[in-house]
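In what follows, a structure is listed as structure tokens, so that the remarks can point back to it.
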Amino acid sequence: MGTMGTPGMTGTMGALKEAARREVDRHAEELIRLSERLHADPETAWEEHRAAAAVPESLDRAGFDITSSYLGLETAFHARFGSGPVRIALCAEYDALPGLGHACGHNLIAASSVGAALGLAAVADDAGLTVEVYGTPAEEGGGGKIEMLDRGAFAGMDLAMMVHPAPVDVAEARPFAVSHSKISYTGRSAHAAAYPEAGINAADAFTVAQVAIGLLRQQLPTSARVHGVVTHAGDAPNAIPERATGRWYVRAETLAELAELEPRVMRAFEAGALATGCELEIEPESKPYAEFRTDETALAHYRANALALGREFAPPGQAARMNRASTDMGNVSQTVPAIHPYIGVGSLPATNHQHEFAAFCVGANAQRALLDGAVALAWTGVDRSSSRYASASS
């Protein structure tokens, strides 16, 4: 499962990159097995116990110092190798989607970050690197990286990176800021035929709220997104639902815009309570995800490295829109330099969060994306080390 060569590279940096590539290639089958193991055994946010144990196994064997249950989070881990002045962080996501498994390809994210870390560890002493891998749970709505940031993770990093599967390659992440809320209405049950006047219908409250949100969309910015699901709305047709629950996301271009938009959406849920007489509870599922702040120098390095591996970046358009998806990596990017490129698995017309996309996150295209992603990230880490040394000596 070898990757392509490094055309045009000479001198020390070229030698470091070639050594990193060889190390990724040496572990190729092991990385593929890790990805396929995660894919076959999906675990959802905050429940990734088996994944959190499996992902650092290769790092442990390679001599990384491993901290399990990192910062008090049971399904997070931290791995560290080297003692150089330039600190590179690789983020490993491994949570799956409820009902869809690894339809966002987090199995590939974890394996490519491990591969990049192994490649960088092989040159850490010569490149002046400290390589750190953060096992980051609950990206799909739980805000795992935000919890880690709040507890001190990522402090002092020179660069944080990961590569995310998508239908096609896109270098720059431009995700929306997003809030995640659990909505609960409480009414009163009654026999729907014999005593309907005694009931307060919690399911009707959601109907009113969704109509209000639909009308509100006329006055929202074109970039705004409001969407959700009703997760429970009654148990029997002849009993008026006394409780209804749902999960709703509100997205905007920035956290500042989100702070203005979200109260308008929440008033629609208040309208449902007012119209039906239900009690309303709104509970944030995590702190809001931030928009992404890209380190342009690192992104330019990643783009050049991916092209050297034979990757092709898609032009703007429908196929390339996965780069607008929200991520808690945005919060990391607000704190330390970061990149979050997307790597294609050749899935079109299937796209992320579809059953069909999950099928493309294993197999030949997925394996190439995994290894190319690992090498491109490792080379970008070498580039960051080289540029820091150049800056220090100038």
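The values are calculated or read from the model by the stated rules, or taken from the named source; none is laboratory data. The structure displayed is predicted, hence computed values, not measured ones. All Cβ positions, glycine included, derive from the backbone under ideal geometry; neighbour counts span all protein chains shown. These accessible areas exclude ligands, DNA and RNA; they are computed on the full protein's heavy atoms, side chains included. Shrake-Rupley method; radii C 1.70, N 1.55, O 1.52, S 1.80 Å.
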Item to complete: Please work out if residue 147 is buried (at least 21 other Cβ atoms within 10 Å of the Cβ), out of contact with any Lys or Arg (no Cβ under 7 Å at 6 or more places or on another chain), over 26 Å from residue 168 (Cβ atoms) and of a type in the set (Asp, Glu).
Response: yes
Fill in: Considering residues of the range 300-313 that are open to solvent by less than 10 Å² (accessible area, probe 1.4 Å) and not polar (S, T, N, Q) only, the residue farthest from residue 337 (Cα to Cα)
309
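Results for (1) assigned to a helix (DSSP H, G or I); (2) under 14 Å from residue 250 (Cβ atoms), shown as yes or no for each residue.
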position	(1), (2)
182	no, yes
185	no, no
194	no, no
197	yes, no
205	yes, no
209	yes, yes
213	yes, yes
218	yes, no
Discussion item. Regarding the range 182-200, can at least one residue be identified that is in contact with a Cys (Cβ under 7 Å, 6 or more places away or on another chain), among the aliphatic types (A, V, I, L, M), surrounded by fewer than 21 Cβ atoms within 10 Å (Cβ to Cβ) and at negative phi?
Written reply: yes
Practice prompt. Having 1 or more residues that are in contact with a helix residue (DSSP H, G or I) (Cβ under 8 Å, 6 or more places away or on another chain), polar (S, T, N, Q) and touching a residue at least 40 places away in the same chain (Cβ under 8 Å) is the bar; report the helices (runs of 4 or more DSSP H) wholly within the range 302-394 that clear it.
Written response: 329-333, 364-393
Fill in: Considering residues of the range 334-348 that are surrounded by fewer than 22 Cβ atoms within 10 Å (Cβ to Cβ) and within 20 Å of the chain's Cα centre (by Cα) only, the residue farthest from residue 169 (Cα to Cα)
335
Discussion item. List the residue pairs whose Cβ atoms are under 6 Å apart, where the first residue sits in the range 171-183 and is of a type outside the set (S, T, N, Q), the second is in a loop (DSSP other than H, G, I, E, B) and open to solvent by less than 10 Å² (accessible area, probe 1.4 Å), and the two are 6 or more positions apart or on different chains.
Written reply: 171/341; 173/340; 175/327; 177/290; 180/141
Discussion item. Checking the condition assigned by the TED database to the domain that holds residue 300 and among the aliphatic types (A, V, I, L, M), which residue from 138, 202, 194 passes?
Written reply: 138
Fill in: Selected residue (only one of 48, 57, 30 is surrounded by fewer than 15 Cβ atoms within 10 Å (Cβ to Cβ) and assigned by the TED database to the domain that holds residue 124)
57
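Go over the candidates 242, 257 one by one and state the one that is at pLDDT 95 or above and surrounded by fewer than 19 Cβ atoms within 10 Å (Cβ to Cβ).
257
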Discussion item. With the structure loaded, tell me whether residue 84 is open to solvent by less than 50 Å² (accessible area, probe 1.4 Å), assigned by the TED database to the domain that holds residue 312 and assigned to a loop (DSSP other than H, G, I, E, B) or whether it fails that test.
Written reply: yes
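Look at residue 130 and say whether it is free of Cβ contacts under 8 Å to residues at least 60 places away in the same chain and either in the same structural domain as residue 337 (by the TED database) or part of a helix (DSSP H, G or I) (or both).
On the way: free of Cβ contacts under 8 Å to residues at least 60 places away in the same chain: yes; either in the same structural domain as residue 337 (by the TED database) or part of a helix (DSSP H, G or I) (or both): yes.
Yes: the conditions hold for residue 130.
Quick check on residue 373: is it more than 27 Å from residue 150 (Cβ to Cβ) and either open to solvent by 10 Å² or more (accessible area, probe 1.4 Å) or outside the structural domain of residue 114 (by the TED database) (or both)?
Spelling it out, it is not the case that residue 373 is more than 27 Å from residue 150 (Cβ to Cβ) and either open to solvent by 10 Å² or more (accessible area, probe 1.4 Å) or outside the structural domain of residue 114 (by the TED database) (or both).
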Worksheet item: Restricted to the range 260-281, and to residues that are in a helix (DSSP H, G or I) and of a type in the set (A, V, I, L, M), which residue is surrounded by the fewest Cβ atoms within 10 Å (Cβ to Cβ)?
Response: 274
Worksheet item: Quick one: would you say residue 273 is under 15 Å from the mean Cα position of the chain (by Cα) and at pLDDT 95 or above?
Response: no
